[in-house]
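The values are calculated or read from the model by the stated rules, or taken from the named source; none is laboratory data. Here the structure is a predicted model, which means the values were calculated and not measured. FYI the Cβ positions are ideal-geometry reconstructions off the backbone, even for glycines, and counts take in every protein chain you see.
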Amino acid sequence: MCQNIELFDEYTAKVFALLYSTFPVKQSIEIIDFVGKGAFDDFGVIVNAKNEPLPEAKVAWHTLIWLKEADFISIGREHAYTDVSDVTLTIKGLEVLKARPESIQPAKRIGNEVIGALKVGNVEAAKELVRQAIKLSVGL
């Protein structure tokens, strides 16, 4: 699978887990914390140790923007490529994460499953759950 799609799935899982576990309290997300590496240069660009722009940060930023444009999350304020604030799930995002897919036990919800998978370090399971959630949203 394309590396950007893999990163998108991982970052979407992290966003959904954070927002679902704290709903309805609005959150702030800093891209540098989100990707887990890098540092800011003098121009506010997230760079690696060689002072090169970090591609993962660009994917993380555009993941947030896509989730907003697809109406899964709302964002109050955006600071391009650095952070967003006042972020919460929309009705669509909340409903998708509360859905119960047939592939998991009926009493569990996708949002709880994503949180649980990330807590134990199972990023692949979290990404698969995100894919299921987005597929479910097509019918909303």
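Brief remarks follow.
Residues are listed down the side, and each one gets a yes or a no for (1) of a type in the set (Val, Ile, Thr); (2) at pLDDT below 90:
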site: Ile46; (1), (2): yes, no
site: Thr63; (1), (2): yes, no
site: Leu97; (1), (2): no, yes
site: Ile115; (1), (2): yes, yes
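- Lys14 being closer than 18 Å to Val123 by Cβ and among the basic types (Lys, Arg): yes
- Residues that are touching a strand residue (DSSP E or B) at 6+ places or on another chain (Cβ under 7 Å) and acidic (Asp, Glu) occur in region 41-64; there is at least one.
- All positions within region 17-60 that are part of a helix (DSSP H, G or I), within 18 Å of Gly111 (Cβ to Cβ) and either touching a Leu at 6+ places or on another chain (Cβ under 6 Å) or among the basic types (Lys, Arg) (or both): Ala17, Leu19, Tyr20
- Test for Glu102: is it acidic (Asp, Glu), over 16 Å from Leu18 (Cα atoms) and at pLDDT below 95: yes
- Test: Ala117 is closer than 21 Å to Arg131 by Cβ, aliphatic (A, V, I, L, M) and not in a strand (DSSP E or B): yes
- Condition check for Trp66 on (1) assigned to a helix (DSSP H, G or I); (2) within 26 Å of Val120 (Cβ to Cβ): one failure, at (2).
- Enumeration of residues in region 34-57 that are surrounded by 12 or more Cβ atoms within 10 Å (Cβ to Cβ) and under 24 Å from Gly76 (Cα atoms): Phe34, Val35, Phe40, Val45, Ile46, Glu56, Ala57
- Filter result (in a loop (DSSP other than H, G, I, E, B) and in contact with a helix residue (DSSP H, G or I) (Cβ under 6 Å, 6 or more places away or on another chain)) within region 69-81: Asp71, Phe72, Ile75, Tyr81
- Taken over region 1-26, the criterion of being under 19 Å from Lys98 (Cα atoms) and either over 12 Å from the mean Cα position of the chain (by Cα) or surrounded by fewer than 17 Cβ atoms within 10 Å (Cβ to Cβ) (or both) is satisfied by Ser21, Thr22, Phe23, Pro24, Val25, Lys26.
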